[in-house]
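The values are calculated or read from the model by the stated rules, or taken from the named source; none is laboratory data. The structure displayed is predicted, hence computed values, not measured ones. FYI the Cβ positions are ideal-geometry reconstructions off the backbone, even for glycines, and counts take in every protein chain you see. What goes into the accessible areas is simple: the full protein's heavy atoms, side chains included, and nothing from ligands, DNA or RNA. Shrake-Rupley method; radii C 1.70, N 1.55, O 1.52, S 1.80 Å.
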Amino acid sequence: IDSGKTALARALSTTGSTAAFDRAPQSRARGITLDLGFSCLRTALPPRLGSAPGQLQFTLVDCPGHASLIRTIIGGKGGGGGGDSPAGIIDLMMLVIDVTKGMQTQSAECLVIGQIACEKMVVVLNKIDLLPEAKRQSAIEKMTKKMQKTLENTKFCGCPIVAVAAKPGGPEAPESENPLGVSELIEVLKSQAYLPSRDPSGHFLMAVDHCFSIKGQGTVMTGTILSGSVSLGDNVEIPALKVTKKVKSMQMFHTPVTYAMQGDRVGICVTQFDPKLLERGLICTPESLHTIHAAIISLKKIQYFRGALQTKAKFHITVGHETVMGRVMFFSPAPADFNEEIQENVFDFEKDYLYQEEYLSKDSNSSEENKENDQAGEVQLPRQQWALLEFEKPVTCPKLCLVIGSKLDTDIHANTCRLAFHGVLLQGMEDKNYVETFLPKLKVYKLKHKEGQVERVMDDYSVIGRSLFKKETNIQIFVGLKVKLSTGEDGIIDGGFGQSGKFKIRIPDGLKPDTKMLLTVASKKKSKTGKGDATKEDENIKNDSAQPVIISLLFKRYVFDTQKKMIQS
(Lines give C-alpha, C1' and ligand atoms only; values in the text may rest on other atoms or scores of the structure.)
Protein backbone atom coordinates (compact mmCIF):
# COMPACT_ATOMS: atom_id res chain seq x y z
CA ILE A 1 0.00 0.00 0.00
CA ASP A 2 1.22 3.49 -0.76
CA SER A 3 4.40 2.44 -2.53
CA GLY A 4 3.43 4.53 -5.57
CA LYS A 5 2.00 1.94 -7.97
CA THR A 6 -0.68 4.25 -9.39
CA ALA A 7 1.81 7.07 -9.91
CA LEU A 8 4.16 4.63 -11.65
CA ALA A 9 1.39 3.37 -13.94
CA ARG A 10 0.53 6.96 -14.79
CA ALA A 11 4.17 7.82 -15.53
CA LEU A 12 4.54 4.76 -17.75
CA SER A 13 1.34 4.86 -19.71
CA THR A 14 0.47 6.77 -22.80
CA THR A 15 -3.20 5.76 -23.11
CA GLY A 16 -5.41 5.54 -20.08
CA SER A 17 -8.27 3.05 -20.33
CA THR A 18 -11.68 3.45 -18.68
CA ALA A 19 -10.60 1.91 -15.43
CA ALA A 20 -7.30 3.65 -14.99
CA PHE A 21 -5.86 5.89 -12.30
CA ASP A 22 -8.11 5.64 -9.29
CA ARG A 23 -11.35 6.60 -10.99
CA ALA A 24 -13.56 5.09 -8.30
CA PRO A 25 -14.99 7.79 -5.98
CA GLN A 26 -14.23 5.80 -2.80
CA SER A 27 -10.73 5.20 -4.11
CA ARG A 28 -10.04 8.89 -4.72
CA ALA A 29 -11.40 9.82 -1.31
CA ARG A 30 -9.09 7.36 0.44
CA GLY A 31 -6.17 7.92 -1.91
CA ILE A 32 -5.91 4.17 -2.29
CA THR A 33 -6.32 2.03 -5.40
CA LEU A 34 -9.45 0.01 -4.74
CA ASP A 35 -9.81 -1.50 -8.13
CA LEU A 36 -7.61 -2.84 -10.85
CA GLY A 37 -6.69 0.16 -12.98
CA PHE A 38 -5.80 -0.68 -16.59
CA SER A 39 -3.77 1.49 -18.90
CA CYS A 40 -1.32 0.85 -21.67
CA LEU A 41 2.20 1.76 -22.69
CA ARG A 42 3.20 1.72 -26.37
CA THR A 43 6.85 1.71 -27.43
CA ALA A 44 8.78 0.96 -30.60
CA LEU A 45 9.05 -2.78 -31.25
CA PRO A 46 12.52 -4.06 -30.21
CA PRO A 47 14.25 -5.58 -33.30
CA ARG A 48 14.62 -8.99 -31.58
CA LEU A 49 10.81 -9.34 -31.50
CA GLY A 50 10.21 -8.56 -35.16
CA SER A 51 11.83 -7.01 -38.21
CA ALA A 52 8.96 -4.80 -39.41
CA PRO A 53 8.74 -1.39 -37.75
CA GLY A 54 5.86 -1.73 -35.34
CA GLN A 55 4.69 -0.96 -31.87
CA LEU A 56 4.87 -3.04 -28.74
CA GLN A 57 1.91 -2.59 -26.42
CA PHE A 58 2.12 -3.36 -22.72
CA THR A 59 -1.21 -3.49 -20.90
CA LEU A 60 -0.52 -2.26 -17.37
CA VAL A 61 -2.71 -3.50 -14.56
CA ASP A 62 -2.40 -1.41 -11.40
CA CYS A 63 -3.15 -3.94 -8.64
CA PRO A 64 -4.33 -2.96 -5.16
CA GLY A 65 -1.62 -3.51 -2.61
CA HIS A 66 -3.63 -3.94 0.55
CA ALA A 67 -4.18 -7.41 1.59
CA SER A 68 -7.90 -7.33 2.23
CA LEU A 69 -8.07 -6.63 -1.47
CA ILE A 70 -5.67 -9.33 -2.46
CA ARG A 71 -8.69 -11.32 -3.60
CA THR A 72 -9.27 -8.60 -6.23
CA ILE A 73 -5.87 -9.38 -7.66
CA ILE A 74 -6.32 -13.13 -7.54
CA GLY A 75 -9.75 -12.74 -9.08
CA GLY A 76 -8.44 -10.44 -11.77
CA LYS A 77 -5.61 -12.82 -12.52
CA GLY A 78 -8.32 -15.29 -13.27
CA GLY A 79 -7.77 -18.95 -13.91
CA GLY A 80 -8.02 -19.43 -17.62
CA GLY A 81 -7.15 -23.11 -17.39
CA GLY A 82 -5.30 -24.11 -20.55
CA GLY A 83 -1.61 -23.42 -21.03
CA ASP A 84 0.97 -24.45 -18.47
CA SER A 85 -0.10 -22.17 -15.68
CA PRO A 86 -3.67 -21.65 -14.58
CA ALA A 87 -3.13 -17.88 -14.41
CA GLY A 88 -2.54 -17.74 -18.10
CA ILE A 89 -2.40 -14.09 -19.02
CA ILE A 90 0.03 -12.36 -16.68
CA ASP A 91 3.27 -12.02 -18.60
CA LEU A 92 5.31 -10.03 -16.13
CA MET A 93 4.91 -8.51 -12.71
CA MET A 94 6.43 -5.31 -11.38
CA LEU A 95 6.83 -5.45 -7.63
CA VAL A 96 6.84 -1.82 -6.44
CA ILE A 97 8.77 -1.24 -3.23
CA ASP A 98 9.01 2.02 -1.29
CA VAL A 99 12.80 2.41 -1.16
CA THR A 100 12.56 4.04 2.29
CA LYS A 101 10.65 1.05 3.77
CA GLY A 102 11.78 -2.07 1.92
CA MET A 103 9.80 -5.33 1.91
CA GLN A 104 6.56 -5.19 3.91
CA THR A 105 4.05 -7.95 4.71
CA GLN A 106 2.02 -7.01 1.68
CA SER A 107 5.07 -7.03 -0.60
CA ALA A 108 5.74 -10.58 0.61
CA GLU A 109 2.16 -11.65 -0.15
CA CYS A 110 2.38 -10.08 -3.62
CA LEU A 111 5.62 -11.99 -4.14
CA VAL A 112 3.84 -15.24 -3.23
CA ILE A 113 1.02 -14.52 -5.69
CA GLY A 114 3.61 -13.63 -8.32
CA GLN A 115 5.31 -16.98 -7.92
CA ILE A 116 1.97 -18.73 -8.39
CA ALA A 117 0.67 -16.55 -11.19
CA CYS A 118 3.53 -15.51 -13.47
CA GLU A 119 7.00 -16.32 -14.74
CA LYS A 120 8.86 -12.99 -14.89
CA MET A 121 9.32 -10.09 -12.52
CA VAL A 122 10.99 -6.68 -12.34
CA VAL A 123 11.45 -5.03 -8.94
CA VAL A 124 10.93 -1.27 -8.92
CA LEU A 125 12.39 0.70 -6.01
CA ASN A 126 10.21 3.81 -5.98
CA LYS A 127 10.39 7.21 -4.21
CA ILE A 128 14.17 7.65 -4.55
CA ASP A 129 13.51 11.44 -4.48
CA LEU A 130 12.95 11.03 -0.71
CA LEU A 131 16.57 9.93 -0.23
CA PRO A 132 19.02 12.81 0.41
CA GLU A 133 21.11 13.28 -2.74
CA ALA A 134 24.46 12.73 -1.05
CA LYS A 135 23.44 9.30 0.24
CA ARG A 136 21.03 8.35 -2.56
CA GLN A 137 23.30 6.03 -4.54
CA SER A 138 24.53 4.07 -1.52
CA ALA A 139 20.99 3.71 -0.13
CA ILE A 140 19.78 2.37 -3.50
CA GLU A 141 22.68 -0.09 -3.64
CA LYS A 142 21.99 -1.27 -0.11
CA MET A 143 18.28 -1.85 -0.83
CA THR A 144 19.12 -3.57 -4.14
CA LYS A 145 21.40 -6.04 -2.28
CA LYS A 146 18.68 -6.64 0.29
CA MET A 147 16.11 -7.37 -2.42
CA GLN A 148 18.50 -9.74 -4.21
CA LYS A 149 18.90 -11.66 -0.95
CA THR A 150 15.09 -11.82 -0.46
CA LEU A 151 14.58 -13.19 -3.96
CA GLU A 152 17.38 -15.76 -3.72
CA ASN A 153 15.13 -18.73 -2.99
CA THR A 154 12.27 -17.74 -5.30
CA LYS A 155 11.77 -18.34 -9.02
CA PHE A 156 12.61 -14.63 -9.54
CA CYS A 157 16.20 -14.99 -8.35
CA GLY A 158 18.41 -12.56 -10.30
CA CYS A 159 15.55 -10.51 -11.78
CA PRO A 160 16.19 -6.83 -12.74
CA ILE A 161 15.91 -4.21 -9.99
CA VAL A 162 15.32 -0.61 -11.13
CA ALA A 163 15.26 2.57 -9.01
CA VAL A 164 12.79 5.35 -9.91
CA ALA A 165 10.82 8.31 -8.58
CA ALA A 166 7.47 8.06 -10.37
CA LYS A 167 6.19 11.37 -8.94
CA PRO A 168 9.02 13.42 -7.42
CA GLY A 169 7.74 15.57 -4.57
CA GLY A 170 4.72 13.34 -3.95
CA PRO A 171 1.06 13.70 -4.98
CA GLU A 172 0.94 17.47 -4.21
CA ALA A 173 3.92 18.37 -6.42
CA PRO A 174 3.26 20.24 -9.70
CA GLU A 175 2.85 18.09 -12.83
CA SER A 176 5.90 19.78 -14.36
CA GLU A 177 8.24 17.69 -12.18
CA ASN A 178 9.68 15.01 -14.45
CA PRO A 179 9.77 11.41 -13.15
CA LEU A 180 13.24 9.95 -12.51
CA GLY A 181 14.38 6.61 -13.94
CA VAL A 182 11.16 5.88 -15.82
CA SER A 183 12.74 5.85 -19.29
CA GLU A 184 15.38 3.40 -17.94
CA LEU A 185 12.54 1.26 -16.57
CA ILE A 186 10.84 1.25 -19.99
CA GLU A 187 14.11 -0.02 -21.53
CA VAL A 188 14.22 -2.82 -18.92
CA LEU A 189 10.59 -3.72 -19.69
CA LYS A 190 11.45 -3.85 -23.41
CA SER A 191 14.41 -6.12 -22.64
CA GLN A 192 12.13 -8.46 -20.66
CA ALA A 193 9.34 -8.45 -23.25
CA TYR A 194 8.55 -11.58 -25.21
CA LEU A 195 5.72 -12.54 -27.53
CA PRO A 196 3.44 -14.54 -25.26
CA SER A 197 1.73 -17.62 -26.58
CA ARG A 198 -1.99 -16.91 -26.67
CA ASP A 199 -4.60 -19.45 -27.57
CA PRO A 200 -7.91 -18.47 -29.25
CA SER A 201 -9.32 -22.01 -28.99
CA GLY A 202 -11.50 -23.26 -26.17
CA HIS A 203 -14.39 -21.55 -24.42
CA PHE A 204 -14.52 -17.76 -24.27
CA LEU A 205 -14.04 -16.50 -20.71
CA MET A 206 -13.55 -12.88 -19.72
CA ALA A 207 -12.94 -11.25 -16.35
CA VAL A 208 -15.05 -8.10 -16.28
CA ASP A 209 -13.76 -5.35 -14.01
CA HIS A 210 -16.07 -2.49 -15.05
CA CYS A 211 -19.58 -2.15 -16.33
CA PHE A 212 -21.20 1.15 -17.35
CA SER A 213 -23.82 2.41 -19.78
CA ILE A 214 -23.29 4.77 -22.71
CA LYS A 215 -26.36 6.69 -23.82
CA GLY A 216 -27.75 5.49 -27.11
CA GLN A 217 -25.23 2.62 -27.32
CA GLY A 218 -26.00 0.16 -24.54
CA THR A 219 -24.00 -1.29 -21.67
CA VAL A 220 -20.23 -1.71 -21.94
CA MET A 221 -18.37 -4.41 -20.01
CA THR A 222 -14.61 -3.95 -19.95
CA GLY A 223 -12.18 -6.64 -18.93
CA THR A 224 -9.47 -9.09 -19.88
CA ILE A 225 -10.06 -12.20 -21.95
CA LEU A 226 -8.76 -15.14 -19.90
CA SER A 227 -9.32 -17.82 -22.52
CA GLY A 228 -10.78 -18.38 -25.98
CA SER A 229 -11.95 -15.59 -28.28
CA VAL A 230 -15.03 -13.46 -29.07
CA SER A 231 -16.46 -11.96 -32.28
CA LEU A 232 -19.18 -9.45 -33.14
CA GLY A 233 -22.60 -11.09 -32.97
CA ASP A 234 -21.52 -13.87 -30.54
CA ASN A 235 -23.76 -14.76 -27.62
CA VAL A 236 -22.14 -14.41 -24.20
CA GLU A 237 -23.49 -15.56 -20.86
CA ILE A 238 -23.30 -13.76 -17.52
CA PRO A 239 -23.39 -16.94 -15.45
CA ALA A 240 -23.92 -15.26 -12.07
CA LEU A 241 -27.20 -13.83 -13.38
CA LYS A 242 -28.05 -16.69 -15.78
CA VAL A 243 -28.47 -14.08 -18.55
CA THR A 244 -27.31 -14.40 -22.20
CA LYS A 245 -26.62 -11.32 -24.40
CA LYS A 246 -25.47 -10.68 -27.98
CA VAL A 247 -22.22 -8.75 -28.63
CA LYS A 248 -23.23 -5.55 -30.46
CA SER A 249 -19.84 -3.81 -30.75
CA MET A 250 -16.31 -4.05 -29.31
CA GLN A 251 -13.38 -1.71 -28.63
CA MET A 252 -9.76 -2.15 -27.62
CA PHE A 253 -8.20 1.00 -26.11
CA HIS A 254 -10.68 3.26 -27.97
CA THR A 255 -10.31 1.45 -31.32
CA PRO A 256 -13.33 -0.47 -32.70
CA VAL A 257 -12.57 -4.17 -33.39
CA THR A 258 -14.59 -7.17 -34.63
CA TYR A 259 -12.56 -9.91 -32.88
CA ALA A 260 -10.56 -10.31 -29.67
CA MET A 261 -8.77 -13.25 -28.06
CA GLN A 262 -7.01 -14.52 -24.94
CA GLY A 263 -4.93 -11.81 -23.26
CA ASP A 264 -6.69 -8.88 -24.94
CA ARG A 265 -8.19 -5.97 -22.95
CA VAL A 266 -11.54 -5.29 -24.52
CA GLY A 267 -14.80 -3.41 -24.03
CA ILE A 268 -17.88 -5.37 -25.13
CA CYS A 269 -21.17 -3.53 -25.76
CA VAL A 270 -24.52 -5.28 -25.23
CA THR A 271 -28.07 -3.88 -25.14
CA GLN A 272 -30.83 -3.96 -22.55
CA PHE A 273 -28.64 -4.82 -19.61
CA ASP A 274 -28.51 -2.85 -16.35
CA PRO A 275 -24.81 -2.16 -15.52
CA LYS A 276 -25.60 -2.05 -11.79
CA LEU A 277 -26.17 -5.81 -11.90
CA LEU A 278 -22.54 -6.57 -12.70
CA GLU A 279 -19.71 -4.42 -11.37
CA ARG A 280 -17.16 -7.22 -11.77
CA GLY A 281 -17.36 -10.92 -12.50
CA LEU A 282 -17.13 -13.39 -15.35
CA ILE A 283 -18.79 -13.60 -18.75
CA CYS A 284 -18.36 -16.63 -20.98
CA THR A 285 -19.50 -18.91 -23.79
CA PRO A 286 -23.04 -19.93 -22.74
CA GLU A 287 -23.06 -23.00 -20.42
CA SER A 288 -19.25 -23.24 -20.18
CA LEU A 289 -18.86 -22.47 -16.46
CA HIS A 290 -20.15 -24.61 -13.66
CA THR A 291 -21.56 -23.63 -10.28
CA ILE A 292 -20.25 -25.96 -7.62
CA HIS A 293 -20.84 -26.73 -3.94
CA ALA A 294 -17.62 -28.68 -3.35
CA ALA A 295 -14.44 -29.58 -5.22
CA ILE A 296 -11.42 -31.84 -5.31
CA ILE A 297 -8.17 -29.93 -5.81
CA SER A 298 -4.51 -30.89 -6.02
CA LEU A 299 -2.51 -28.48 -3.89
CA LYS A 300 0.79 -27.27 -2.46
CA LYS A 301 1.37 -25.45 0.79
CA ILE A 302 2.84 -21.93 0.51
CA GLN A 303 6.22 -22.11 2.24
CA TYR A 304 5.89 -18.77 4.06
CA PHE A 305 2.64 -19.74 5.77
CA ARG A 306 3.32 -20.44 9.43
CA GLY A 307 1.56 -23.34 11.07
CA ALA A 308 0.01 -26.59 9.91
CA LEU A 309 -2.82 -26.97 7.43
CA GLN A 310 -5.36 -29.00 9.39
CA THR A 311 -8.20 -31.12 8.05
CA LYS A 312 -11.60 -29.69 9.05
CA ALA A 313 -10.12 -26.17 9.27
CA LYS A 314 -11.84 -23.28 7.47
CA PHE A 315 -10.04 -21.10 4.93
CA HIS A 316 -10.97 -18.26 2.63
CA ILE A 317 -10.99 -20.00 -0.73
CA THR A 318 -10.45 -17.86 -3.82
CA VAL A 319 -11.62 -19.66 -6.95
CA GLY A 320 -12.38 -17.97 -10.27
CA HIS A 321 -13.63 -14.52 -9.31
CA GLU A 322 -15.03 -15.33 -5.91
CA THR A 323 -13.75 -15.73 -2.39
CA VAL A 324 -15.86 -17.89 -0.08
CA MET A 325 -15.32 -19.68 3.20
CA GLY A 326 -14.67 -23.39 2.79
CA ARG A 327 -13.75 -26.38 4.94
CA VAL A 328 -10.91 -28.68 3.87
CA MET A 329 -10.09 -32.36 4.16
CA PHE A 330 -6.58 -33.37 3.11
CA PHE A 331 -5.65 -36.73 1.62
CA SER A 332 -2.61 -38.34 0.03
CA PRO A 333 -1.87 -41.38 -2.13
CA ALA A 334 -1.85 -44.73 -0.31
CA PRO A 335 1.64 -45.10 1.29
CA ALA A 336 2.79 -47.57 -1.39
CA ASP A 337 2.07 -44.92 -4.08
CA PHE A 338 3.88 -41.96 -2.45
CA ASN A 339 6.44 -41.84 -5.26
CA GLU A 340 4.03 -42.21 -8.17
CA GLU A 341 4.27 -39.74 -11.05
CA ILE A 342 2.23 -36.56 -10.56
CA GLN A 343 -1.08 -36.59 -12.45
CA GLU A 344 -1.55 -33.13 -13.97
CA ASN A 345 -5.10 -31.77 -14.26
CA VAL A 346 -6.90 -35.10 -13.73
CA PHE A 347 -8.16 -37.00 -10.73
CA ASP A 348 -8.37 -40.78 -10.70
CA PHE A 349 -11.49 -42.06 -8.91
CA GLU A 350 -10.39 -45.69 -9.31
CA LYS A 351 -7.52 -45.31 -6.81
CA ASP A 352 -7.52 -45.57 -3.03
CA TYR A 353 -6.34 -42.51 -1.07
CA LEU A 354 -5.22 -42.14 2.52
CA TYR A 355 -7.03 -39.66 4.80
CA GLN A 356 -4.68 -37.17 6.51
CA GLU A 357 -5.31 -35.11 9.66
CA GLU A 358 -3.16 -32.38 8.07
CA TYR A 359 -1.28 -31.55 4.88
CA LEU A 360 1.99 -33.50 5.03
CA SER A 361 5.08 -31.33 4.97
CA LYS A 362 8.60 -31.58 6.40
CA ASP A 363 7.44 -30.12 9.70
CA SER A 364 4.10 -31.93 10.07
CA ASN A 365 3.49 -34.57 12.70
CA SER A 366 3.30 -37.50 10.38
CA SER A 367 0.55 -39.96 11.16
CA GLU A 368 1.17 -43.57 12.24
CA GLU A 369 0.60 -45.04 8.78
CA ASN A 370 3.26 -42.77 7.30
CA LYS A 371 5.76 -43.53 10.06
CA GLU A 372 5.70 -47.16 9.02
CA ASN A 373 7.48 -46.24 5.80
CA ASP A 374 10.17 -44.15 7.49
CA GLN A 375 13.45 -45.92 7.24
CA ALA A 376 15.91 -43.67 8.97
CA GLY A 377 13.51 -41.34 10.72
CA GLU A 378 13.21 -39.43 7.42
CA VAL A 379 9.53 -38.55 6.96
CA GLN A 380 8.45 -39.74 3.53
CA LEU A 381 6.39 -37.15 1.74
CA PRO A 382 4.08 -37.96 -1.17
CA ARG A 383 4.84 -36.23 -4.48
CA GLN A 384 1.25 -35.03 -4.74
CA GLN A 385 -1.52 -34.25 -2.25
CA TRP A 386 -5.18 -33.36 -2.60
CA ALA A 387 -7.98 -31.76 -0.64
CA LEU A 388 -11.74 -31.93 -0.66
CA LEU A 389 -13.12 -28.37 -0.37
CA GLU A 390 -16.68 -27.85 0.84
CA PHE A 391 -17.93 -24.30 0.22
CA GLU A 392 -20.26 -22.42 2.54
CA LYS A 393 -22.03 -21.11 -0.54
CA PRO A 394 -21.82 -22.24 -4.18
CA VAL A 395 -19.20 -20.67 -6.52
CA THR A 396 -19.19 -20.24 -10.29
CA CYS A 397 -15.86 -20.91 -11.96
CA PRO A 398 -14.11 -22.48 -14.97
CA LYS A 399 -13.40 -26.21 -14.98
CA LEU A 400 -9.65 -26.16 -14.29
CA CYS A 401 -8.91 -23.01 -12.38
CA LEU A 402 -6.44 -21.64 -9.90
CA VAL A 403 -7.45 -22.03 -6.25
CA ILE A 404 -5.86 -20.13 -3.36
CA GLY A 405 -6.58 -20.79 0.31
CA SER A 406 -5.82 -18.05 2.82
CA LYS A 407 -6.54 -16.89 6.34
CA LEU A 408 -7.67 -13.35 5.55
CA ASP A 409 -8.95 -12.83 9.08
CA THR A 410 -5.37 -12.81 10.42
CA ASP A 411 -4.37 -9.36 11.69
CA ILE A 412 -2.85 -7.43 8.78
CA HIS A 413 -0.26 -5.90 11.13
CA ALA A 414 0.92 -9.32 12.31
CA ASN A 415 4.01 -9.76 10.17
CA THR A 416 2.93 -13.05 8.64
CA CYS A 417 1.89 -14.44 5.27
CA ARG A 418 -1.83 -15.11 5.18
CA LEU A 419 -1.83 -17.16 2.00
CA ALA A 420 -1.79 -20.83 3.00
CA PHE A 421 -2.00 -23.02 -0.11
CA HIS A 422 -2.54 -22.91 -3.85
CA GLY A 423 -3.72 -25.52 -6.26
CA VAL A 424 -5.77 -26.47 -9.29
CA LEU A 425 -9.44 -27.37 -9.25
CA LEU A 426 -9.68 -30.90 -10.71
CA GLN A 427 -13.30 -31.85 -10.12
CA GLY A 428 -16.26 -29.71 -9.13
CA MET A 429 -19.47 -31.05 -7.59
CA GLU A 430 -22.52 -29.37 -9.08
CA ASP A 431 -25.13 -31.42 -7.23
CA LYS A 432 -26.35 -29.79 -4.05
CA ASN A 433 -26.70 -33.28 -2.55
CA TYR A 434 -23.10 -34.18 -3.42
CA VAL A 435 -22.63 -35.83 0.00
CA GLU A 436 -25.04 -38.60 -1.07
CA THR A 437 -24.57 -38.57 -4.84
CA PHE A 438 -20.88 -37.87 -5.32
CA LEU A 439 -18.71 -38.38 -2.26
CA PRO A 440 -19.21 -42.17 -2.01
CA LYS A 441 -17.20 -42.39 -5.29
CA LEU A 442 -14.22 -40.81 -3.52
CA LYS A 443 -12.19 -43.68 -2.06
CA VAL A 444 -10.42 -42.01 0.85
CA TYR A 445 -9.79 -44.40 3.73
CA LYS A 446 -8.63 -44.25 7.33
CA LEU A 447 -6.52 -47.01 8.85
CA LYS A 448 -8.01 -48.24 12.12
CA HIS A 449 -5.93 -50.07 14.69
CA LYS A 450 -7.59 -51.60 17.77
CA GLU A 451 -5.86 -53.58 20.53
CA GLY A 452 -7.17 -55.95 23.19
CA GLN A 453 -5.71 -58.87 25.12
CA VAL A 454 -6.17 -62.59 25.52
CA GLU A 455 -8.17 -63.38 28.65
CA ARG A 456 -7.67 -67.18 28.61
CA VAL A 457 -7.29 -70.28 26.49
CA MET A 458 -10.38 -72.34 25.62
CA ASP A 459 -8.62 -75.13 23.71
CA ASP A 460 -5.73 -75.57 21.27
CA TYR A 461 -7.63 -73.76 18.55
CA SER A 462 -9.44 -70.96 20.38
CA VAL A 463 -8.99 -68.25 22.99
CA ILE A 464 -11.22 -65.70 24.72
CA GLY A 465 -10.27 -62.01 24.29
CA ARG A 466 -11.23 -58.80 26.07
CA SER A 467 -10.72 -54.98 25.96
CA LEU A 468 -11.00 -54.78 22.16
CA PHE A 469 -14.66 -53.69 22.18
CA LYS A 470 -16.83 -51.59 24.42
CA LYS A 471 -19.60 -53.42 26.26
CA GLU A 472 -22.28 -51.96 23.98
CA THR A 473 -20.48 -52.73 20.67
CA ASN A 474 -22.32 -55.07 18.34
CA ILE A 475 -19.61 -57.72 17.96
CA GLN A 476 -21.53 -59.40 15.11
CA ILE A 477 -20.24 -56.81 12.59
CA PHE A 478 -16.65 -57.80 13.45
CA VAL A 479 -17.20 -61.53 13.01
CA GLY A 480 -14.87 -62.98 10.36
CA LEU A 481 -12.23 -60.21 10.64
CA LYS A 482 -8.61 -61.33 10.98
CA VAL A 483 -6.56 -60.51 14.09
CA LYS A 484 -2.94 -61.14 15.07
CA LEU A 485 -1.64 -62.18 18.48
CA SER A 486 1.57 -60.59 19.78
CA THR A 487 2.99 -64.13 19.96
CA GLY A 488 2.65 -64.47 16.20
CA GLU A 489 -0.52 -66.51 15.61
CA ASP A 490 -3.22 -65.41 13.17
CA GLY A 491 -6.79 -65.58 14.38
CA ILE A 492 -10.34 -64.89 13.25
CA ILE A 493 -13.05 -63.28 15.39
CA ASP A 494 -15.70 -65.95 15.90
CA GLY A 495 -18.36 -64.12 17.91
CA GLY A 496 -19.19 -62.58 21.28
CA PHE A 497 -18.69 -64.36 24.59
CA GLY A 498 -20.93 -63.43 27.49
CA GLN A 499 -22.32 -59.94 28.00
CA SER A 500 -19.31 -57.78 28.84
CA GLY A 501 -17.75 -57.22 25.42
CA LYS A 502 -15.55 -60.37 25.54
CA PHE A 503 -15.24 -62.43 22.38
CA LYS A 504 -14.01 -65.74 21.03
CA ILE A 505 -11.09 -66.02 18.57
CA ARG A 506 -10.50 -69.08 16.40
CA ILE A 507 -6.82 -69.89 15.69
CA PRO A 508 -6.93 -71.95 12.45
CA ASP A 509 -3.29 -73.16 12.72
CA GLY A 510 -3.52 -73.79 16.47
CA LEU A 511 -1.74 -72.12 19.39
CA LYS A 512 2.04 -72.54 19.69
CA PRO A 513 3.05 -74.57 22.76
CA ASP A 514 4.93 -71.53 24.19
CA THR A 515 1.86 -69.33 23.87
CA LYS A 516 -0.28 -71.93 25.56
CA MET A 517 2.16 -72.19 28.45
CA LEU A 518 2.37 -68.40 28.78
CA LEU A 519 -1.41 -68.08 28.91
CA THR A 520 -1.93 -71.00 31.29
CA VAL A 521 0.66 -69.55 33.70
CA ALA A 522 -0.94 -66.13 33.49
CA SER A 523 -4.45 -67.36 34.16
CA LYS A 524 -3.27 -69.59 37.07
CA LYS A 525 -1.62 -66.61 38.73
CA LYS A 526 -4.73 -64.60 38.13
CA SER A 527 -6.99 -67.16 39.82
CA LYS A 528 -4.56 -67.34 42.76
CA THR A 529 -4.54 -63.60 43.41
CA GLY A 530 -8.24 -63.42 42.75
CA LYS A 531 -9.04 -64.99 46.18
CA GLY A 532 -9.52 -62.53 49.05
CA ASP A 533 -7.38 -59.39 49.37
CA ALA A 534 -4.13 -59.36 47.48
CA THR A 535 -1.24 -59.46 49.94
CA LYS A 536 2.26 -58.06 49.42
CA GLU A 537 3.46 -61.49 48.32
CA ASP A 538 0.76 -61.74 45.69
CA GLU A 539 1.75 -58.29 44.39
CA ASN A 540 5.23 -59.63 43.71
CA ILE A 541 3.80 -62.59 41.88
CA LYS A 542 1.66 -60.23 39.82
CA ASN A 543 4.64 -58.08 38.84
CA ASP A 544 6.59 -61.14 37.78
CA SER A 545 3.69 -62.43 35.77
CA ALA A 546 4.19 -62.88 32.06
CA GLN A 547 3.48 -60.07 29.57
CA PRO A 548 -0.14 -60.21 28.43
CA VAL A 549 -0.73 -61.52 24.91
CA ILE A 550 -1.96 -58.58 22.81
CA ILE A 551 -4.61 -58.97 20.11
CA SER A 552 -4.25 -56.55 17.16
CA LEU A 553 -7.10 -55.79 14.80
CA LEU A 554 -6.20 -53.73 11.71
CA PHE A 555 -8.71 -52.69 9.08
CA LYS A 556 -9.46 -49.78 6.82
CA ARG A 557 -12.71 -47.93 6.50
CA TYR A 558 -13.68 -45.58 3.68
CA VAL A 559 -14.57 -42.13 5.00
CA PHE A 560 -17.56 -41.72 2.67
CA ASP A 561 -18.84 -45.29 2.75
CA THR A 562 -22.42 -45.04 3.99
CA GLN A 563 -22.33 -48.65 5.22
CA LYS A 564 -19.09 -48.09 7.17
CA LYS A 565 -17.73 -51.44 5.97
CA MET A 566 -14.48 -52.68 7.49
CA ILE A 567 -11.99 -53.87 4.90
CA GLN A 568 -8.87 -55.97 5.39
CA SER A 569 -6.39 -56.61 2.62
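Accessible surface for the range 205-284, divided over its residues, is 44 Å² per residue with a 1.4 Å probe. Across the range 416-449, the residues whose backbone nitrogen lies under 11 Å from the label position 7 Å along the beta-carbon direction of Leu481 are 448-449. Using the Cβ-Cβ distance between Ser569 and Lys300 with R0 = 35 Å, the FRET efficiency computed as 1/(1 + (r/R0)^6) comes to roughly 0.70. Compute the whole-percent fraction of alpha carbon pairs in the range 246-347 spaced more than 20 Å apart. For the range 246-347, the share of Cα pairs beyond 20 Å comes to 63 percent.
Extending 7 Å from the Cα toward the beta-carbon at both Ala44 and Leu447 defines two label points whose distance is 6.8 nm.
Listed by chain and number, the lysines whose C-alpha is less than 16 Å from the C-alpha of Lys393, apart from same-chain residues fewer than 8 away, are Lys314, Lys432. When the convex hull of its Cα atoms is viewed from all sides, the range 205-284 shows a mean projected area of 4.4 nm².
At an R0 of 45 angstrom, the distance between the Cβ atoms of Lys149 and Glu357 translates into a FRET efficiency of 0.80. Residue separation times 0.36 nm, minus the C-alpha to C-alpha distance between Asp459 and Ile186: what's the value? Working it through step by step, the gained length comes to 89.3 nm. Spatial offset of the range 120-170 relative to the range 262-279 amounts to 38 Å, using the alpha carbon center of each.
Ordering of 437-447, 290-300 by packing is 290-300, 437-447, highest average first (other Cβ atoms within 10 Å, averaged per residue).
Residue pairs exceeding 31 angstrom between C-alpha atoms, taken from Lys5/Lys242; Lys245/Lys312; Lys407/Lys446; Lys142/Lys362; Lys245/Lys443; Lys276/Lys301: Lys5/Lys242; Lys245/Lys312; Lys142/Lys362; Lys245/Lys443; Lys276/Lys301. Expressed as a whole percent, the accessible surface of the range 205-284 that belongs to carbon and sulfur atoms is 54, based on a 1.4 Å probe.
Computed from phi, the 3J(HN,Hα) profile of the range 238-243 under the Karplus parametrisation 6.51, -1.76, 1.60 (θ = phi - 60°) reads 9, x, 4, 9, 6, 10 Hz, with x in place of Gly and Pro. What the phi angles of the range 135-148 give under the Karplus curve with 6.51, -1.76 and 1.60, with θ = phi - 60°, is a coupling list of 9, 4, 4, 5, 5, 5, 4, 4, 5, 4, 4, 4, 5, 4 Hz, glycine and proline written as x. Counting only residues at least eight positions apart within a chain, or on another chain, the lysines with an alpha carbon under 16 Å from that of Lys524 are Lys516, Lys542.
Annotation: lysines with alpha-carbon distance below 21 angstrom to Lys145 (same-chain offsets under eight excluded): Lys101, Lys120, Lys127, Lys135, Lys155. Across the alpha-carbon set of the range 93-159, the Rg to Rh ratio works out to 0.98, Rh being the Kirkwood radius.
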